[in-house]
Amino acid sequence: MRREAEKSTKAARRAQDPASPLTPHPSLAKHGKAMLAALAKLGIHREFDFVLHLPLRYDDETHLWPIGEAPHGEIVLVEGTIVDNVIKYRPKRQLVCTVEDASGVLVMRFLNFYPSQVKQLAPGERVRLFGEIRQGFFGAEMVHPKYRVVREDMPVADTLTPVYPTTAGLSQANLQRMVHEALAASDLSDTLPPGLLAPFKLPAFRECVSFLHHPPPAAERAALQNRSHRAWRRIKFDELLAQQLSMRIHYDRRKSVSAPPLPPRGQLTHTLLARLPFQLTRAQHHAIAEIRTDLALPHPMQRLLQGDVGSGKTIVAALAALQAIENGFQVAIMAPTEILGEQHFNKFSGWLTALGVSVVWLAGHLARKQKRETLAQVAAGDAQIAIGTHALFQDEVEFHNLGLAIVDEQHRFGVHQRLALRRKGTRSGSAAQPHQLMLSATPIPRTLAMTYYADLDVSVIAEMPPGRTPVATRLVSDARRDEVIKRVRDACVEGSQAYWVCPLIEDSEALQLQTALDTYQRLLATFPELRIGLVHGRLPAAEKAAVMQAFQNGEIQLLVATTVIEVGVDVPNATLMVVENAERMGLAQLHQLRGRVGRGAARSTCILLYQNPLSQLARERLKIIFETTDGFEIARHDLRLRGPGELLGARQSGVPMLRFADLDTDLDLLEAARNAAQRILPLHPAIAERHLQRWLGGKQHYLRV
Ligand code: ADP
Ligand code: MG
């Protein structure tokens, strides 16, 4: 499922990739096809992109050392006359030139060289060499220095030499020249008024790019290198500002799109709340209040409901659904797996059928005829809630009047699957969009949320329902498997239920399936007295559903499962989970898996079996999961270990990625950029437009999540 989501995102990304332009930007028209391709690889699609192609590091070619005085072991610039030039064959074929000045002599050695170089480095020529002098067998020598033939009195560079990220087919010297030309030809005037920059003490744009491409020799090298220099900060601020502006614009644009207003009406909602076996938590009340207000507006809601695993997002979604239904509209619920879809169907039916609401489940295992009938019910508006995996939103499904689309575990879906849902419209042919509610248990640290969800509204359920005992986590070496087996038997005999999760096997579904089958057979042999079930991704949907139902009803005591049960599954009587080869799993995954237990009042345990030897990373992950149960804390560690791209999954393709700013170190700049974006947009749209043009060029269309 996840792989499918990724695939479709990748394909779509290719389709809209501006890196394969058929017609080059006019400012690059003078370049040939091969050069354009090389530039595109570097993200350079128009001349101005050279200005934003900033150096990785610098060489200091500003000081000319006398050969005899140049320090050894450091990169230095020297100049002298070639007195001798021979090709030697021992120990290896090589070109050896002797170079001298008034103070001393050194040998320059090339192991790879062209015949043209032999000619160029003829005795009598003056050369400038840039490299490291080492004490060789025959005296001072430089191996493969950067060199240049010079005329007398040629001035030495007065700025540091930039070294740019480059790619095959594009030499450093060529790239340096192109950047230099672009700097001279481009409009470097500021996009932002000085008043806006003053409070942040950020220098002018022109000054910054000139400085970063050609810093004077006295520049603070450390600040340049670690990108904390004021000039770097201005560039990062600009980049973050462009991102915030573009997200804000998308956010505001929603107000020009219409959606059916769905004001709270009450009757059904009151009945449901009165019948629930529990009271909503304060956090749940708060979240549903925010959603109620949004739904009443004539513009599409786009709200992300974040809450840790087990915090109770489903009931909030059900209450939102009721509000749409009370207004005579339909609701679509999209789940990432069949198991979860089925479970939602059971839950929603349990809560809502008694209220006269009709809920249908577009399961993968429906017979053709049954499927046709269900689709007809949806199209006629007889089905008020339609639940399905992303198949639900394929072209064949049409709604009578869709008012609200709910996406569970939204991080599991690609941008494009979510867009497909929105594009369905409230009914076919209508321009109005349904409201959208996304549920996510991936708790995003605040910094990331600010950057990546600036175009969404976010509600957070930051509290667990009462009466939960935190899950105890045990790390157990695979060598002590017998103790674990005894523990599983005891738990089941005492009336609890348990999960046994089989290892994740990267890239091989077949192998993972085999492991699950083997484990199942082994456990059957070990526990003849227990009722054991098996569930995995390859099981036909109807069987999968039957197994899950049996586990739910307590007919199965021990459920052997692949990671298909990772998300969403809710069986409160299950109090023990064993995860095999936990060292192979990521933090988010372990946290999600562990969230399958500890859902009732009884004390639950999660046993993480691991196999030695552990890699450094695996050891660190297991330590974190052992010490922490707080999803936000775990996500912060995950961010540190994996970086934002991985953590956010498919969403990144919908957001312009940051090239310069670093969310760990530049939090203050991010906040500044966010404030600036809020101030600029309503008052100075032209400034915003120009800034976006400079930073995103034609790439604005990327952002439309
Ligand atoms: P998640 O946020 O992970 O989707 P669920 O919505 O599946 O969590 O809820 C987890 C469990 O908590 C469910 O069994 C649900 O019925 C129960 N639950 C939800 N809200 C409350 C509450 N306020 N008090 C007690 N139990 C609750
Ligand atoms: Mg859930």
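The values are calculated or read from the model by the stated rules, or taken from the named source; none is laboratory data. If you're wondering where the values come from, they're calculated on a predicted model, not measured in any experiment. Note: ideal-geometry Cβ built from the backbone for every residue, glycine included; neighbour counts use all protein chains shown. With ligands, DNA and RNA removed, areas are computed over all heavy atoms of the protein, side chains included. Shrake-Rupley method; radii C 1.70, N 1.55, O 1.52, S 1.80 Å.
Inspect all residues belonging to segment 80-92 and state whether any of them is more than 45 Å from the chain's Cα centre (by Cα), under 24 Å from Gly124 (Cβ atoms) and among the charged types (D, E, K, R). Working first, answer last.
Here is the first cut: in segment 80-92, the ones more than 45 Å from the chain's Cα centre (by Cα) are 80-92.
After this cut, where a residue has to be under 24 Å from Gly124 (Cβ atoms) as well, the list is 80-88.
Cutting the leftovers down to among the charged types (D, E, K, R) gives us 84, 88.
Yes, segment 80-92 has at least one match.
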Index of the failed condition, Ala441 passing every other in (1) more than 16 Å from ligand 1 (Cβ to nearest atom); (2) more than 30 Å from Leu524 (Cβ to Cβ); (3) open to solvent by less than 10 Å² (accessible area, probe 1.4 Å): (1)
Within segment 366-390, how many residues turn out to be in contact (Cβ under 8 Å) with a residue 12 or more places away in the chain and surrounded by 15 or more Cβ atoms within 10 Å (Cβ to Cβ)? 14
Residues (part of a loop (DSSP other than H, G, I, E, B) and near ligand 2 (Cβ under 9 Å from one of its atoms)) located in segment 300-310: Val309, Gly310
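Working carefully through the options Gln343, Gln377, find the one that is assigned to a helix (DSSP H, G or I), more than 18 Å from His270 (Cα to Cα) and at pLDDT below 90.
Working: Gln377 fails: at pLDDT below 90.
It is Gln343.
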Candidate set: segment 275-290, residues that are within 16 Å of ligand 2 (Cβ to nearest atom) and within 30 Å of Ser430 (Cβ to Cβ); chosen: the one surrounded by the most Cβ atoms within 10 Å (Cβ to Cβ): Ala287
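Could you list, in sequence order, all residues of segment 578-617 that are polar (S, T, N, Q) and within 15 Å of Thr562 (Cα to Cα)?
Taking segment 578-617 first, the residues polar (S, T, N, Q) are 581, 589, 592, 604-605, 611-612, 615-616.
If the condition is that a residue be polar (S, T, N, Q) and within 15 Å of Thr562 (Cα to Cα), then Asn581, Gln589, Gln592 are the ones that fit.
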Pairs, first over 13 Å from Gln306 (Cβ atoms) and assigned to a helix (DSSP H, G or I) in segment 277-288, second near ligand 1 (Cβ under 9 Å from one of its atoms) and open to solvent by 10 Å² or more (accessible area, probe 1.4 Å), C-beta under 6 Å, six or more apart: none
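Can you tell which of Arg480, Arg489 is closer than 22 Å to Glu627 by Cα, modelled with pLDDT of 85 or more, assigned to a helix (DSSP H, G or I) and open to solvent by 30 Å² or more (accessible area, probe 1.4 Å)?
Values: Arg489 fails: closer than 22 Å to Glu627 by Cα.
Selected residue: Arg480, the only one of Arg480, Arg489 that is closer than 22 Å to Glu627 by Cα, modelled with pLDDT of 85 or more, assigned to a helix (DSSP H, G or I) and open to solvent by 30 Å² or more (accessible area, probe 1.4 Å).
In segment 345-374, how many residues are under 16 Å from Leu319 (Cα atoms) and of a type outside the set (A, V, I, L, M)? Before the answer, list the steps.
At the first step, the residues of segment 345-374 found to be under 16 Å from Leu319 (Cα atoms) are 345-359.
Checking which are of a type outside the set (A, V, I, L, M) leaves us with 345-351, 353, 356, 358.
Count: 10.
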Single match in Pro336, Pro300 (criterion: closer than 30 Å to Leu593 by Cβ and in contact (Cβ under 8 Å) with a residue 24 or more places away in the chain): Pro336
Which residues, counting only those in segment 49-81, are surrounded by 20 or more Cβ atoms within 10 Å (Cβ to Cβ), of a type in the set (Gly, Ala, Ser) and in a loop (DSSP other than H, G, I, E, B)? Ala70
If you go through segment 354-361 one residue at a time, do you hit one that is open to solvent by less than 10 Å² (accessible area, probe 1.4 Å), among the aliphatic types (A, V, I, L, M), within 16 Å of ligand 2 (Cβ to nearest atom) and out of contact with any Cys (no Cβ under 9 Å at 6 or more places or on another chain)? no
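Using the structure shown, decide if Leu340 is closer than 30 Å to Ala588 by Cβ and either within 16 Å of ligand 2 (Cβ to nearest atom) or surrounded by fewer than 20 Cβ atoms within 10 Å (Cβ to Cβ) (or both).
Details: closer than 30 Å to Ala588 by Cβ: yes; either within 16 Å of ligand 2 (Cβ to nearest atom) or surrounded by fewer than 20 Cβ atoms within 10 Å (Cβ to Cβ) (or both): yes.
Yes, satisfied.
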Across segment 432-461, which residue is modelled with the lowest pLDDT among those that are within 16 Å of ligand 2 (Cβ to nearest atom), closer than 29 Å to Pro298 by Cα and not polar (S, T, N, Q)? Ala441
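When you check Ala223 against the structure, is it open to solvent by 30 Å² or more (accessible area, probe 1.4 Å) and among the aliphatic types (A, V, I, L, M), yes or no? I'd like the intermediate steps shown before the answer.
Numbers: open to solvent by 30 Å² or more (accessible area, probe 1.4 Å): no; among the aliphatic types (A, V, I, L, M): yes.
Spelling it out, it is not the case that Ala223 is open to solvent by 30 Å² or more (accessible area, probe 1.4 Å) and among the aliphatic types (A, V, I, L, M).
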Count - residues of segment 545-555 that are under 21 Å from Leu517 (Cβ atoms) and either within 15 Å of ligand 1 (Cβ to nearest atom) or buried (at least 24 other Cβ atoms within 10 Å of the Cβ) (or both): 2
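Every residue, every condition in (1) surrounded by 13 or more Cβ atoms within 10 Å (Cβ to Cβ); (2) farther than 25 Å from Glu132 by Cα, yes or no:
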residue	(1), (2)
Arg148	yes, no
Thr159	yes, no
Val163	yes, no
Leu170	yes, no
Arg177	no, no
Ala182	yes, yes
Ser189	no, yes
Leu202	yes, yes
Phe211	yes, yes
Test each condition in (1) surrounded by fewer than 22 Cβ atoms within 10 Å (Cβ to Cβ); (2) modelled with pLDDT of 70 or more; (3) not charged (D, E, K, R) for Ala420 and report the one that comes out false. (2)
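Any idea which of Ala618, Ala582, Ala561, Ala588 is within 16 Å of ligand 2 (Cβ to nearest atom), small (Gly, Ala, Ser) and under 30 Å from the mean Cα position of the chain (by Cα)? Don't jump to the end; show me each part of the working.
Working: Ala618 fails: within 16 Å of ligand 2 (Cβ to nearest atom); Ala582 fails: within 16 Å of ligand 2 (Cβ to nearest atom); Ala561 fails: within 16 Å of ligand 2 (Cβ to nearest atom).
Ala588 is the lone residue from the list that is within 16 Å of ligand 2 (Cβ to nearest atom), small (Gly, Ala, Ser) and under 30 Å from the mean Cα position of the chain (by Cα).
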Output for Cβ contacts, cut-off 6 Å, separation at least six or different chains, first residue under 15 Å from Phe551 (Cα atoms) in segment 483-496, second among the hydroxyl-bearing types (Ser, Thr, Tyr), reads Ser496/Thr575
Pull up segment 558-575, narrow it to residues that are surrounded by 24 or more Cβ atoms within 10 Å (Cβ to Cβ) and modelled with pLDDT of 90 or more, then point me to the one that is nearest to Thr337 (Cα to Cα). Ala561
Can you say whether Leu475 is assigned to a strand (DSSP E or B), within 16 Å of ligand 2 (Cβ to nearest atom) and at pLDDT 90 or above, as far as the supplied structure shows? no
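Go through segment 444-493 and count every residue that is among the acidic types (Asp, Glu) and touching a Lys or Arg at 6+ places or on another chain (Cβ under 6 Å).
The first filter runs over segment 444-493 and keeps only residues among the acidic types (Asp, Glu), leaving 455, 457, 463, 478, 482-483, 490.
Cutting the leftovers down to touching a Lys or Arg at 6+ places or on another chain (Cβ under 6 Å) gives us 457.
Of the residues in segment 444-493, 1 are among the acidic types (Asp, Glu) and touching a Lys or Arg at 6+ places or on another chain (Cβ under 6 Å).
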With the structure loaded, tell me whether Glu583 is within 13 Å of ligand 1 (Cβ to nearest atom), acidic (Asp, Glu) and free of Cβ contacts under 8 Å to residues at least 40 places away in the same chain or whether it fails that test. no
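When you look at Lys313, is it within 14 Å of ligand 2 (Cβ to nearest atom), surrounded by 24 or more Cβ atoms within 10 Å (Cβ to Cβ), among the charged types (D, E, K, R) and touching a residue at least 12 places away in the same chain (Cβ under 8 Å), yes or no? Spell out the reasoning first.
Details: within 14 Å of ligand 2 (Cβ to nearest atom): yes; surrounded by 24 or more Cβ atoms within 10 Å (Cβ to Cβ): yes; among the charged types (D, E, K, R): yes; touching a residue at least 12 places away in the same chain (Cβ under 8 Å): yes.
So Lys313 passes the test.
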Within segment 113-137, tally of residues that are surrounded by fewer than 10 Cβ atoms within 10 Å (Cβ to Cβ) and in contact with a strand residue (DSSP E or B) (Cβ under 9 Å, 6 or more places away or on another chain): 1
For Gly429, the lone unmet condition from (1) in a loop (DSSP other than H, G, I, E, B); (2) within 16 Å of ligand 2 (Cβ to nearest atom) is (2)
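Residue by residue, here is whether (1) within 16 Å of ligand 1 (Cβ to nearest atom); (2) free of Cβ contacts under 8 Å to residues at least 60 places away in the same chain; (3) crowded, with 20+ Cβ neighbours inside 10 Å holds:
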| site | (1), (2), (3) |
| --- | --- |
| Val257 | no, no, no |
| Arg265 | no, no, no |
| Leu273 | yes, yes, no |
| Arg292 | no, yes, no |
| Gln306 | yes, no, yes |
| Ile325 | no, no, yes |
| Ala332 | no, no, yes |
